[in-house]
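K.L.:
Structure incoming, see below.
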Amino acid sequence: MFSYRFTLLYIVSFVACYATEPNSQKSEWDFCFSQNPAQDSSILISSNTAYSDKLGYGFETNTPLNFVTRQTSNSTIAHFVTAEKPFFFSARVAEGNYRVIVTLGDSEGESITTIKAEVRRLMLERTLTTKGQSLTREFIVNVRSYHISDKVDVKLKPRERTTELWNWDNKLTLEFNGPRPCIARLEIIKIDTLHTIYLAGDSTVCDQPLEPFASWGQMLPRFFEPTVAIANHAESGESLRSFIGEKRLAKLDTLLKEGDFLFIQMGHNDQKEKGLNVGAFTTYKKSLEQFIALARSHHTTPVLITPMNRRTFDSEGRVTNSLLDYPAAVRLVAKEQAVALIDLNAMSKILYENLGPEKTKLLFPMVRGQLEATHHNNYGSYELAKCIIQGIRDNHLSISDAILDNLPAFDPIHPDIYGTCALDQSPFVSSEKPYGN
């Protein structure tokens, strides 16, 4: 179970996010990590700098930290912070996209750093600096608010007020992870991006807060250059109609703009909805068309994604269709509306069948001694995110140019070998399954 101490931390933060006035938020921050006085205009961060609303920045947990000072000619890494366990740092900001610039390195040893943002969004994956090397890396983090207007808010689920609060609290929170993260400097600058990819989805897409669960949406930022923002508005348990009813689509209506993209993947929960004329080619199809119409009204590009298969095999090792007509309905709407389609349903079938019933177990977490069949672990989500990236390329979307240059084409017949992806685990763990199935 999620520990009481961290649950309390989130609840206190939720209260604080109501109490702090908007004018306490800044659009730019520049931090250096040192026990010695700052040599420039940057803000000095020491081991005693715990987050408070008065400061507007600081460390979020009481992880033991090691502040190091080196005698070196390379002043950029003369001072840095490191730790043996993951640690978290936040800065208070307003809703929007932020360029984050981190300086890594140690003059007397290697550093290996993984960085996640907000609720476990993968930004940097095991970035290595050799002895004496300083390295600067950039990425973009989207920060969002649940406020739509003075009188209207997104209707949050209980877990969004606790374990997922870092997605909604008007702070930019970074998790520094890896075998030996060495963080010398951190800059945060609000920017206007040409492209923001908004994600509307369910538990297989959202930022899962707790290990061993993960979703492809929170892996996606790792594969883009720092010119594209990923704004993950997906949430566990959602269907198209509940996404509308909880005013999540209304929130997107206030954010979408020309040049943006709206990726839509639902189906796992929609198929369970009951009622007169409720079904794949009726209510579900109509809702998909509503999402598309909203995107186009803002000159935003809609992209439809078929829901990935569950891990259901027949006796001959073929994946069976547990999603009824819902993937077919997505394909039909994409054809009728001339919308780009990423057929994750078909790609996941290829992925699962080529791994086979036994090896596909590596893609899914064990929960209370039982293997999940819907939600994925870090490895499974990483592979599905690569399917999405390949789908972006196959559709020749303009954001293809922002995919990392060194990222090869992905074939679900030949996924990454388990263990070759360096996916450092976050410290927060739960045995409770996400909403939805």
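The rows are residues; the columns are (1) crowded, with 17+ Cβ neighbours inside 10 Å; (2) of a type in the set (A, V, I, L, M, F, W, C); (3) at pLDDT 95 or above; (4) in a loop (DSSP other than H, G, I, E, B).
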site: Ala295; (1), (2), (3), (4): yes, yes, yes, no
site: Pro302; (1), (2), (3), (4): yes, no, yes, no
site: Gly317; (1), (2), (3), (4): no, no, yes, yes
site: Asn321; (1), (2), (3), (4): no, no, yes, yes
site: Leu324; (1), (2), (3), (4): no, yes, yes, yes
site: Lys335; (1), (2), (3), (4): no, no, yes, no
site: Asn345; (1), (2), (3), (4): yes, no, yes, no
site: Ser348; (1), (2), (3), (4): yes, no, yes, no
site: Leu351; (1), (2), (3), (4): yes, yes, yes, no
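K.L.:
Evaluate segment 209-231: report whether one residue or more is of a type in the set (Ser, Thr, Tyr), outside any helix (DSSP H, G or I) and either outside the structural domain of Trp168 (by TED's automatic domain parsing) or at pLDDT below 95 (or both).
P.N.:
Yes, the conditions are met somewhere in segment 209-231.
K.L.:
Test Pro415 against the stated conditions and say whether it is part of a loop (DSSP other than H, G, I, E, B), crowded, with 20+ Cβ neighbours inside 10 Å and at pLDDT 95 or above.
P.N.:
Values: part of a loop (DSSP other than H, G, I, E, B): yes; crowded, with 20+ Cβ neighbours inside 10 Å: yes; at pLDDT 95 or above: yes.
It is true that Pro415 is part of a loop (DSSP other than H, G, I, E, B), crowded, with 20+ Cβ neighbours inside 10 Å and at pLDDT 95 or above.
Conditions (1) in contact (Cβ under 8 Å) with a residue 60 or more places away in the chain; (2) among the charged types (D, E, K, R), marked per residue:
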site	(1), (2)
Glu353	no, yes
Leu362	no, no
Asn377	yes, no
Tyr382	yes, no
Asp394	no, yes
Leu397	yes, no
Leu407	yes, no
Phe410	no, no
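K.L.:
Looking for something over 17 Å from Ala231 (Cα atoms) and surrounded by fewer than 21 Cβ atoms within 10 Å (Cβ to Cβ) - is there at least one such residue anywhere in segment 113-124?
P.N.:
No, the conditions are met nowhere in segment 113-124.
K.L.:
If Leu165 satisfies every condition in (1) under 28 Å from Lys285 (Cα atoms); (2) surrounded by 20 or more Cβ atoms within 10 Å (Cβ to Cβ) but one, which is the exception?
P.N.:
(1)
K.L.:
Could you tell me how many of the residues in segment 281-296 are touching a residue at least 24 places away in the same chain (Cβ under 8 Å) and either not assigned by TED's automatic domain parsing to the domain that holds Tyr198 or not aromatic (Phe, Trp, Tyr) (or both)?
P.N.:
Count: 9.
The values are calculated or read from the model by the stated rules, or taken from the named source; none is laboratory data. Predicted model, so just to flag it, every value in this text is computed and none were measured. All Cβ positions, even for glycine, are placed from backbone atoms using ideal geometry, and neighbour counts span all protein chains on display.
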